[in-house]
1. Are any residues in the stretch A:39-56 in contact with a helix residue (DSSP H, G or I) (Cβ under 9 Å, 6 or more places away or on another chain) and more than 14 Å from chain B (Cβ to nearest Cβ), and if so, which ones?
2. Restricting to the stretch B:194-213, what's the tally of residues that are open to solvent by 40 Å² or more (accessible area, probe 1.4 Å) and modelled with pLDDT under 90?
3. State whether one or more residues within the stretch A:44-56 are farther than 30 Å from B:Leu222 by Cβ and small (Gly, Ala, Ser).
4. Scan the stretch A:147-191 residue by residue and report those that are more than 11 Å from the chain's Cα centre (by Cα) and within 13 Å of another protein chain (Cβ to nearest Cβ).
5. Among the residues of the stretch A:211-240 satisfying the criterion of being at pLDDT 90 or above and aliphatic (A, V, I, L, M), which is nearest to A:Leu14 (Cα to Cα)?
6. Could you count how many residues in the stretch A:126-140 are away from chain B (no Cβ under 14 Å) and under 24 Å from A:Val191 (Cα atoms)?
7. Pick from B:Gly130, B:Gly134: which is over 21 Å from the mean Cα position of the chain (by Cα), crowded, with 19+ Cβ neighbours inside 10 Å and outside any helix (DSSP H, G or I)?
8. Output the number of residues of the stretch B:49-70 satisfying the condition of being modelled with pLDDT of 95 or more and among the acidic types (Asp, Glu).
Amino acid sequence: MIYVKDLHKYFGKLEVLKGIDCHIGKGECVCVIGASGSGKSTFLRCLNLLETPTKGEIIIGGTNLMDKNLDVDDLRKRVGMVFQHFNLFPHLTILENVTLAPIRHKMYSEKEAREKAMELLNRVGVGDKADNYPAQLSGGQKQRVAIARSLALSPEVMLFDEPTSALDPEMVGEVLEVMKQLAQEGMTMVVVTHEMGFAKEVADRVLFMDGGVILEEGTPEQIFDHPKEDRTKEFLSKVL
Amino acid sequence: MEQLQSDIYQVFIEADRYKMFLDGLKVTIGVSIAAVLLGILLGMVLALMKMTEVRKGKKTIFSVVANIYIDIIRGTPTVVQLLIIYFLVFQTQMGMVAGIVTFGINSSAYVAEIIRAGIMAVDKGQMEAGRSLGLSYTETMRYIILPQAVKNILPALGNEFIVLIKETAILGYVAIQDLTKASDFIVSRTYIMFVPLIGCALIYYVLVKILTIGLNAFERRLRQSDIR
């Protein structure tokens, strides 16, 4: 589903990604862990071109992201993204937040888009808030709306950029629960997270990033119980 | 006291001079409204031209042109701009239009900065969220950024409108009978200074006051959507 080969990203002279290679299969849920500054968010943002890679190759579902003639907007419809700070549209109701993009893309009629949005909102448990505005929701509810908003475009891949880092501890669970459900339904997911419990329980594979490269990867058991690299051990000893 | 009463009579009532004030007021308001609309339109275009620099991460032809334009407009007196446009560009034809064009161009430079600042004040994540949903830059601007930017822009824009109304007092330079010119004319007719000048100032003051109250009310209504 996702192939990444020798991916490099520079911010000016600073090399943030120093050659990333990985392959993520369809239906796989991959968690990316690592210290801040290790490049995990940048890597994720390269996957829907919110950051333009400097060098390398990314292929998602047969589309080459480095292609000069790539329709970026079309790619982004197929690759959903959930942000740390939710980024809901504060001037629109919850329902409008979800229906805006599908209606603009003429994927559905307005009526169908609303029905589909309500279905998604009910699925993530905020159906009763459809006519409220984002400011009236708790952090956990906002993030679940953000997930529904991405799902409304029926993406092939979902990217999560530290989806629970901005939440109060008591709200982390409800968001992770929605993500877990999604993973079990077979969505291809790449999750940058500090929630080691989630990574252990839900991830099919865990990537440990350090200094702009993937230092170690494997099943959650391999990474958490039998890490090979000293750096991985050091990191895990600090966060677990 | 009696002197004042007869002055007021002479200035406003005699020979229907109040009509001159009214006509002048109409010109002032008309030019101001037309100019502010032109200014917002041009300012919007200039702001978007300037913003291409933010989007591309480097200077573009558009941003350079917009910057030079804004630089020149802000660096020269409005009166001089009015004289240049009336005498050189319009060749002393169509004074009103020349006035509207001058003040429109003049205020566009300031409005551009106001609009740009208002757009930049919207959280960066909003653009990212819009784009990540596959909306184009233009769609994201239109449906997500601008509706939020309006709240930031409106107070400063109201201020700009107020400044503009008072600036139009220089229209008399090119023989347009605005409010100031009208009172000036009446001074020269009646040899009374106090009443026409203070009257003129009062009319401007009331005009601006009404506008301020209206803008405040409008702003409050916009803010209401924040306190839910």
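The values are calculated or read from the model by the stated rules, or taken from the named source; none is laboratory data. Predicted, not measured: the structure shown is a model, and the values here were computed from it. Methodologically, a virtual Cβ is constructed for each residue, glycine included, from the backbone with ideal geometry; neighbour enumeration extends over all protein chains shown. These accessible areas exclude ligands, DNA and RNA; they are computed on the full protein's heavy atoms, side chains included. Shrake-Rupley method; radii C 1.70, N 1.55, O 1.52, S 1.80 Å.
1. Of everything in the stretch A:39-56, those that are in contact with a helix residue (DSSP H, G or I) (Cβ under 9 Å, 6 or more places away or on another chain) and more than 14 Å from chain B (Cβ to nearest Cβ) turn out to be A:Pro53, A:Gly56.
2. Selection size over the stretch B:194-213: 1.
3. Yes, that holds for at least one residue.
4. Passing the criteria: A:Ala148, A:Arg149, A:Leu151, A:Ala152, A:Leu153, A:Ser154, A:Pro155, A:Glu156, A:Ala166.
5. Here the residue is A:Val213.
6. The total comes to 3.
7. Going through B:Gly130, B:Gly134 in turn, just one is over 21 Å from the mean Cα position of the chain (by Cα), crowded, with 19+ Cβ neighbours inside 10 Å and outside any helix (DSSP H, G or I): B:Gly134.
8. Count: 0.
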